[in-house]
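A.B. asks: Have a look at the structure that comes next, please.
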Amino acid sequence: MRREIEIAPGVAMPLLGFGVFQIPAGAATEEAVGWALEAGYRHVDTAQAYGNEADVGRALQRSGLAREDVFVTTKFATGRDDPVAELERSLGRLGIGEVDLYLVHNPRGGPRRAWPAMERALESGLARSIGVSNFSLDELDSLLAAGSVRPAVNQVQFSPFRYRRLLLEGCRARGVEVEGYGSLTHGRELDDPTLAAVARQHRRTPAQILLRWSIERAVAVIPKSVHRERIGENAAIFDFELTAEDIARLDALDRTGGAAIAVERPWWTPRGRVRRVRRTLWRRLGGGSRRDQ
Ligand SMILES: NC(=O)c1ccc[n+]([C@@H]2O[C@H](COP(=O)([O-])OP(=O)(O)OC[C@H]3O[C@@H](n4cnc5c(N)ncnc54)[C@H](OP(=O)(O)O)[C@@H]3O)[C@@H](O)[C@H]2O)c1
């Protein structure tokens, strides 16, 4: 079983990474990233919008690992103006000289807007590779028609329940690797009966089955957890295999219709932002989680 994929010439990305979205800035992020590095993760996924790059940086420094042994991704917050200036600030917070992967967080403002500056970030050595996130195939094509560097990666929500088959095939046909987020369904579908049955059969947890389903397709995963045992559990996915029958059962859970689109309800559009504010208010009033992304 491969543990990494080459996303650009000379740039190998570990298939297992650790995501830090919604881990509070400060000790919580530093501690969780520290546990992940101790458990063997060698890939951390953060973003300017998450507000916890400095804590990721502190955990990297405290780990004593060599810089080249940990793959670090951050993402350009597309509400801001200049991807190069923002990356310089990210590097300061992370305490490193370059990131391994710098992603455009979403196509807000148009799929081509950030790309010329992303290419400059690559040329100037601030990033070893550049890519995009939440880009549908038509947005990717628009970017490819205008840019000179091909995105190394498209990071999208991807799991058996969000099995975007056309997007995966389309990205690969264009030489762009797919990296999955929400591989654990943001924790929402872990008690699905089909998933539970496959998990029982393998004496594994539903979370491990979901992660294995992705990496068997060479789609990288970046599960997030603030619990040390779960961080360890999510890393123990390289010592078993799913059968073709398991994979077919899991594939059938897809609710996107094999979509070529990356996101059903974009949160960065004006309508999406209104929905987000409503959801936050709903949660504050005790209505529980209705988060999509
Ligand atoms: N590019 C983008 O737009 C984008 C969007 C979303 C996420 N991301 C990236 O992808 C990463 C992962 O996505 P995500 O955090 O949204 O969702 P996820 O990894 O699918 O799910 C995380 C949820 O699952 C729970 N969980 C983790 N391990 C578990 C286990 N073994 N058993 C049971 N529950 C478990 C976590 O709870 P606890 O923490 O309580 O354990 C958390 O609630 C993010 O951290 C971020 O780096 C990128």
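A.B. asks: log10 I(q)/I(0), Debye, Cα-only the chain, no solvent, q = 0.10, 0.12 Å⁻¹?
C.D. replies: One equal scatterer on each Cα of the chain leads to -0.51, -0.76.
A.B. asks: Listed highest first by mean packing, meaning other Cβ atoms within 10 Å per residue, what order do 171-182, 191-202 come in?
C.D. replies: Descending packing order for the listed peptides: 171-182, 191-202.
A.B. asks: Can you give the calculated 222 nm mean residue ellipticity of the chain, where each DSSP H run of n ≥ 4 adds -39,500 (n - 2.57) and the sum is split over every residue, rounded to the nearest 500 deg cm²/dmol?
C.D. replies: Only helices count here, giving -11500 deg cm²/dmol.
A.B. asks: Quick one: Cα centre-to-centre distance for the stretch 4-20 and the stretch 37-102, in angstrom?
C.D. replies: 14
A.B. asks: Further, regarding this structure: When only C-alpha pairs under 8 Å and at least 6 residues apart count, what is the relative contact order of the chain, in percent?
C.D. replies: Numbers: 514 pairs, mean separation 53.0, N = 293.
Over the chain, the number comes to 18 percent.
A.B. asks: Taking the Cα centre of the stretch 1-54 as origin and charging only Cβ (+1 Lys, Arg; -1 Asp, Glu), how large is the dipole, in debye to the nearest 20? Before the final figure, lay out each step's value.
C.D. replies: Working: 3 positive and 7 negative charges, 41 e Å.
For the stretch 1-54, the charge dipole is close to 200 debye.
A.B. asks: Compare the peptides 152-161, 18-27, 212-221 by average per-residue count of other Cβ atoms within 10 angstrom and give them in order, highest first.
C.D. replies: Values: 152-161: 24.8, 18-27: 18.4, 212-221: 21.8.
Highest to lowest by the protection proxy: 152-161, 212-221, 18-27.
A.B. asks: Now a separate question. Report the local net charge at ILE261: Lys and Arg +1, Asp and Glu -1, summed over other residues whose C-beta lies under 10 Å from its C-beta. Can you show the working numbers first?
C.D. replies: Numbers: positive: ARG164; negative: ASP138, GLU139, GLU264.
Residues close to ILE261 contribute a combined charge of -2.
A.B. asks: Quick one: Cα centre-to-centre distance for the stretch 233-293 and the stretch 151-185, in angstrom?
C.D. replies: Value for the Cα centre distance between the two parts: 13 Å.
A.B. asks: Could I ask something else about it? Which of the trypsin sites (Lys or Arg not before Pro) found in the stretch 3-64 are in a DSSP loop and have at most 14 neighbouring Cβ atoms, other than their own, within 10 Å? Walk me through the numbers before you get to the answer.
C.D. replies: Values: sites: ARG3, ARG42, ARG58, ARG62; in loops: ARG3, ARG42.
Passing sites in the stretch 3-64 are ARG3.
A.B. asks: Considering the Cα positions of the stretch 1-120, please state its Rg to one decimal place and its Dmax as a whole number of Å.
C.D. replies: Using the Cα atoms of the stretch 1-120, the pair Rg, Dmax is 14.1, 41 Å.
A.B. asks: Right, something else. What net charge do the residues around GLY26 carry, taking every other residue with its C-beta under 15 Å from that of GLY26, with Lys and Arg at +1 and Asp and Glu at -1? Mind dumping the intermediate values first?
C.D. replies: On the way: positive: ARG58, ARG62, ARG93; negative: GLU30, GLU31, GLU53, ASP55.
For residues surrounding GLY26, the net value is -1.
A.B. asks: Sticking with this one: Return VAL84, VAL274 ranked ascending by Cβ neighbour count within 10 Å, so the fewest neighbours appear first. Display every interim value, and only then the final one.
C.D. replies: Details: VAL84 19, VAL274 10.
With the sparsest Cβ surroundings first, the list reads VAL274, VAL84.
A.B. asks: How much net charge surrounds VAL176 when only the other residues with a Cβ under 14 Å from the Cβ of VAL176 are counted, with Lys and Arg +1 and Asp and Glu -1?
C.D. replies: On the way: positive: ARG150, ARG164, ARG172, ARG174; negative: GLU6, ASP138, GLU139, ASP141, GLU169, GLU177, GLU179.
Taking every other residue near VAL176 into account, the sum is -3.
A.B. asks: To check you understand DSSP bridge types, tell me what percent of the beta bridges within the chain (both residues inside) are antiparallel, rounded to 5.
C.D. replies: So the antiparallel bridges in the chain amount to around 20 percent.
Every number in this text was worked out from the coordinates using simple rules, so none of it is lab data. Given the structure is predicted, the values throughout are model-derived calculations rather than measurements. In this analysis, Cβ positions are derived from the backbone assuming ideal geometry, glycine residues included, and neighbour counts consider all displayed protein chains.
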